[in-house]
1. Arrange the peptides 92-101, 178-187 so that the one whose residues have, on average, the most other Cβ atoms within 10 Å appears first.
2. Rounded, prolate or oblate: which fits region 113-185 when a ≥ b ≥ c are the square roots of the eigenvalues of the alpha-carbon gyration tensor, with rounded for a/c under 1.5 and prolate only if a/b beats b/c?
3. What is the sum of charges around residue 150, taking Lys and Arg as +1, Asp and Glu as -1, for the other residues whose C-beta is under 14 Å from the C-beta of residue 150?
4. When a footprinting reagent is the concern and you count Cβ atoms within 10 Å, what order do 64, 146 take, fewest first?
5. Viscosity 1.567 mPa s, temperature 4 °C: what is the translational diffusion coefficient of region 75-201 from Stokes-Einstein with a Kirkwood Rh over Cα pairs, rounded to a whole number of µm²/s?
6. At R0 = 30 Å, how high is the FRET efficiency between residue 130 and residue 105 if r is their beta carbon distance? Nearest 0.05 is fine.
7. At residue 54 and residue 185, where each label point lies 7 Å from the Cα along Cα→Cβ, what is the point-to-point distance in nanometres?
Amino acid sequence: MRATALILAVVAACLAAGPASAATTAYAVGQGSPNNIPLSVPVTASITASCGFAPDAAPNDSYFAPNLDHGFTHDTAFVLQCATPLRMAIVSTNGGLQTAVPAPSGYTALAPYDVTLNIVGDGAVTASGTCAAATLSASAGSPCAFRGPASSGQGLKLNVPSNNQPGSYVRVSAPLYPGPSILVASTGYADTLTVTLSVSP
């Protein structure tokens, strides 16, 4: 039996808008002319482009598959509270399910799997993509389009806000293990996925 563990962690980022200004007029009371005096009052403020996960609805999860050879599928749901278009991205720590057990010739200590990111926005608008975990590692030569960290220009983009919409998830999956190398016997195959979020006007 080869047990696996996948841990999903979350980091959220937000960007702020620019300053605002306003003017007012002061009126003089009494006799004489003029009876009003223009008075400019600069006002500085900012409006945060609010985007984050709903309370208790971030994709924090741990999943244990009983046997890698047989394949697996597991969804981790999340809910967004974003008042602006956004981007989400994922980084895989190991680029696959990895164990520290040494792998002799003909064996491997790294098992492949896929990651699907599905984001649901207002008006039933969705954004979705699937990549091999190997393309989500920081050192991947041909990275996935939603490899993180997320920024205003990096990650899977949802072109509409998403306010408490159900149906968003991160899916980890693998078919029956195809080889050609044999997986070493271990209960410690594991990977960590880090999900990041950014506004993207």
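Here, each number is a calculation from the coordinates, and none is a lab measurement. Since the model is a prediction, treat every value here as computed from it, not as a measurement. Note: ideal-geometry Cβ built from the backbone for every residue, glycine included; neighbour counts use all protein chains shown.
1. On the way: 92-101: 19.6, 178-187: 13.2.
The densest-packed peptide leads the list: 92-101, 178-187.
2. Details: a/c = 3.60, a/b = 1.79, b/c = 2.01.
Oblate, because a/c is 1.5 or more while a/b does not exceed b/c.
3. Numbers: positive: 87, 147, 157; negative: none.
Result for the neighbourhood of residue 150: +3.
4. Numbers: 64 12, 146 27.
Exposure proxy ranking, most exposed first: 64, 146.
5. Working: Rh = 15.5 Å.
D = 84 µm²/s.
6. 0.40
7. 4.6 nm
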